[in-house]
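FYI, it's all coordinate maths here, none of it is from the lab. Quantities reported herein were computed from a predicted structural model and do not represent experimental measurements. Here the Cβ positions follow ideal geometry from the backbone for every residue, glycine too, while neighbour counts run over all protein chains shown.
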Amino acid sequence: MTPAPHRGKPESGWAGRFEDELLRLGLQPGRARELTEETTQQAAESATAPDALFGPAHLYARHLLTELNTAPHPAIANPNPRPAPGPGPYLDPGPYLGPGPDLGPDLGPALDPGPSPGLGPGYGVGHGAVRLRLAGVSKRYRRRTVFSNVDLTVRAGEVTAIVGANGCGKSTLLRICAGLVRPSDGTVHRTRRVGFVPQDGGTAGWLTASEHFTLFGAAAGLAYRRARSTGEHLAGRLAWRPAPDQLAQHLSGGTRQKLNLVLGELHAPDLLLLDEPYQGFDQGTYLDFWRQVHAWRDAGKAVVVVTHLLHDLQHADHVYDLGAAA
Amino acid sequence: MTALVVAALSAREVGRRRVALALMVTLPLWFYLLRREAEGQSIRMLTLGMGWAVSALTLFVVNGSRSVDPRLRLTGASTLDVIGGRLLALTGGGVVLALGYWVLVLADQRPDRPWAAGLMMVLTAVVAAPLGSLVAALLPRELEGALALLSICAVQMLADPPTLAAHLMPFWSFRELGTYVVDGADAGYLWRALLHAAVTWLICAGGTYALFAWRLRLPRYPEP
């Protein structure tokens, strides 16, 4: 989408950068201007400079767009599958599942994302832009080949599931995508802003959830108050209200994973890499998690989920079977 | 700014580990009390115990953050923010501990060069923190790291001061300063101690940074 000229006098400073980022993300100019005015007014009402209240303009613009897209994805309630786009590495239901559980037509197709609620017509945040591309990626540890020749493309507005047997290298592949592990061969192209949620660990046991928000917010350049309010808001989407004095080590396994998810999203990444993030979730939280994944997809984020649960695959637009590639 | 947040939260983390903190604070005291009758020895032992306590605490804090650090890097923090922040917090805590024990020594023993006694303790704390982080960088497992620090301190304590082995130990500077403080030696001891401490600090802090910069390096993947 080509940004249209601003109505009226162009903004400068924080508001200008905020509006530019909204336009860059594909928001209609009128709506972008409206949101900019509302945001600056909100800052003025609290007698605080916008950058002190909201943090960097481009980050807040991304957060705002995500927050405006929190309604469940239409595909959850009413899947509208269409055939997967051509051959490729994506999973063919036959060989992977064999005679196993019948997942129906939801396995492997690209779901139609449908219209995104909340932002009106014309909103299309980067659907289709490539966020991650792996070509011929291999990983070896000494003489042992974990996997080889992995080709994978993940676009904005897509959820890709990586499946495979234990030990086939799913987590290693995800860590390669994040940049935490180097591939032995192949090339990786990736968007700069990435959020990574590990399978376990990744939190400091002696800090509270709010302190985690402060710590990771500082790393992302978010203002202190903005980091905390964003973290608490994101936690609320997972039906979790962090207790002010509860240390991370005293959280249940599922709640700690919620904290991990919030930390992965705190800096509004374009690409989310999730390594079996639902460990310990109860049924309600599990559903909240997938709603959240679809909200990210609707907001134009690319999401890669490592999973071994077959019923997760109905939520994915693409499935990559690493076991078959290894 | 990020380094300061890391430092503040690291200090808070350590502050919440009350038992570990109490053991760290009291460990030098036992060293001191066991040699209290011998004035010079008691100050030396106190300082050595403090060096061991601060370096061991740093080792555990740095190792305990291993799963968080890569995520902080991915989120946007630099290696200097992450490692520098922790070192700042633990060095600050070590200096506070050193000053506390300095007051104790002044009240209990009245050494001839009180300022030099304080310098000796502060310098030891300043060297001990990066020493602990360097050992943590080299030996990622806590048990191995703790044993390595124990070995270093044991060699430091037992090695004959004029020998090369004693000179190569990271806390040799406090032994030189101890001679200056307790035995009234000339200023040459003071300058050699300062030089040794500075070189040791540079090696430990620089080595820590280099190892973590390598370990926490992120590839510059091109945009698709």
Completion exercise
Rounded to whole angstrom, the alpha-carbon centroid of segment B:100-127 lies from that of segment A:176-235 at a distance of 43
Practice task
List every DSSP H helix in chain B whose Cα atoms extend 27 Å or more along the helix's own long axis and whose mean Kyte-Doolittle hydropathy is at least 0.5.
Solution key: B:39-64, B:79-108, B:114-138, B:187-215
Practice task
Could you name the aspartates and glutamates whose alpha carbon sits less than 15 Å from that of A:K139, not counting residues in the same chain fewer than 8 places away?
Solution key: A:D151, A:D185
Handout entry: Under 16 Å from the B:A185 label point (7 Å along Cα→beta-carbon), backbone N, segment B:135-169
Key = B:156-169
Practice task
For a footprinting-style exposure proxy, rank B:V25, A:V306, B:V68 by other Cβ within 10 Å, fewest first.
Solution key: B:V25, B:V68, A:V306
Exercise for the section: Could you list the trypsin sites (Lys or Arg not before Pro) in segment B:158-221 that lie in coil according to DSSP, counting only those with at most 10 other Cβ atoms within 10 Å of their Cβ? Expected result: B:R220
Exercise for the section: Please list the radius of gyration and Dmax for the protein assembly as shown, considering alpha-carbon atoms only, with Å as the unit. Expected result: 27.9, 88
Exercise for the section: Please give the net charge around B:G64, taking every other residue with its beta carbon less than 9 angstrom from that of B:G64, where Lys and Arg add +1 and Asp and Glu add -1. Expected result: -1
Completion exercise
PRE zone check, label point 7 Å out along Cα-to-Cβ of B:A210, amide N under 16 Å, scope segment B:134-158, hits B:134-139
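What is the sum of charges, Lys and Arg at +1 and Asp and Glu at -1, for the other residues whose Cβ falls under 15 Å from the Cβ of B:A107?
Numbers: positive: B:R36, B:R110; negative: B:E39, B:D108.
Result for the local shell: 0.
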Exercise for the section: Rounded, prolate or oblate: pick one for segment A:268-326, where a ≥ b ≥ c are the square roots of the eigenvalues of its C-alpha gyration tensor, a/c under 1.5 means rounded, and failing that, prolate if a/b is larger than b/c, else oblate. Expected result: oblate
Problem - Interatomic Cα distance distribution for segment A:209-326, bins of 5 angstrom, percent - result: 2, 11, 21, 22, 20, 12, 7, 3, 1, 0
Fill in the blank from the handout: Note: B:T26 to B:L104 extended length (0.36 nm per residue) minus current alpha-carbon separation gives 26.8 nm
Fill in the blank from the handout: For the A:A165, B:R12 Cβ pair and Förster radius 51 Å, calculated FRET efficiency rounded to 0.05 is 0.75
Practice task
Choose one answer from B:V19, B:V62, B:V199: the residue with the largest mean-square fluctuation in a GNM of chain B with alpha-carbon springs under 10 Å.
Solution key: B:V19
Completion exercise
Here FRET efficiency (C-beta to C-beta, B:L195 to A:R140, R₀ 56 Å, nearest 0.05) is 0.75
Practice task
Could you please state, rounded to a whole Å, how far the C-alpha centre of segment B:1-35 is from the C-alpha centre of segment A:282-326?
Solution key: 43
Problem - Intensity falloff of segment B:1-155 expressed as log10 I(q)/I(0), Debye formula with alpha-carbon point scatterers, at q = 0.19 Å⁻¹ - result: -1.12
Problem - Sites B:H167 and A:A239 - FRET efficiency at Förster radius 60 Å, r taken between beta-carbons, to 0.05 - result: 0.45
